[in-house]
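Here, each number is a calculation from the coordinates, and none is a lab measurement. None of the values given here were measured: they were computed from a predicted structure. Every residue, glycine among them, receives a Cβ derived from its backbone with ideal geometry; neighbour counts consider all protein chains shown.
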Amino acid sequence: MSAIRLLVLGAVRRHGRAHGYQVRNDLEYWGAHEWSNAKPGSIYHALKQMAKQGLLHAHETAPSTAGGPPRTEYELTGRGAEEYVALLRDALVTYDQRGDVKTAAIGFMVDLPRAEALALLTERLRRIEEWRSSVTEHYVPEGGPGQLGHIGEIMNMWVHTADSEAEWTRGLVERLGNGAYTFAGEGEPFSGILAEGEPNPYATGERHPEDDR
């Protein structure tokens, strides 16, 4: 799975309707340009591509009264909403995803009902434990990974990574079970989006031809 699809769909959904620069600004505000492939060109390409695929509806807007250029604003279609939820569910439950996909999923998990998020994260824990068992059973020699020389450190890294992620996921499940954060159906969740014209302290400053549209 590509993180850019989940990130762009989720960012547009947070606004209801957003132009490309708003999406880019929010993703930079979240630091996504540092931990994912959400660069300006990728964001604008994803918006146009998903509009062609029927996941986003593109609205051509009139020029602003201040004389600014017209912009294309996007909103999720019914298919886009279904795709977004499917990507989010898959990213939350699957252990062996890329780091940027997992990070994006945590950022959007409050878009699901709390009970569903808890169920997906619990299943994630089961899959982590299953994956760890497969590593120790099939890849680690009886005498331990040291028998493989320094290559054995790869297996050590896999096991320690799985243990660390399992510990973190158990903590998250406990926090959510105790009522942390506001999930779908519980009220207005924390959105973390920038208002129109609000300065972004984390903006890269890099210009892109689409920024003025």
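Projecting the alpha carbon convex hull of the stretch 1-136 along each direction and taking the average yields 9.3 nm².
Basic side chains Lys and Arg get +1 at the Cβ, acidic Asp and Glu get -1 at the Cβ, and with that the dipole of the stretch 112-189 about its Cα centre reaches some 80 debye. Compared with the direct C-alpha span, the chain from residue 81 to residue 137 gains 16.1 nm at full extension, assuming 0.36 nm per residue. Extension gain for the segment residue 164 to residue 45, taken as residue separation times 0.36 nm less the Cα-Cα distance, is 39.3 nm to one decimal.
Each 10 Å bin from zero holds the following percent of Cα-Cα pairs in the stretch 112-189: 18, 36, 23, 15, 8, 1. Under the simplified labelling scheme, the residue 123-residue 111 pair shows an inter-label distance of 1.8 nm, with each label point 7 Å from Cα along Cα→Cβ.
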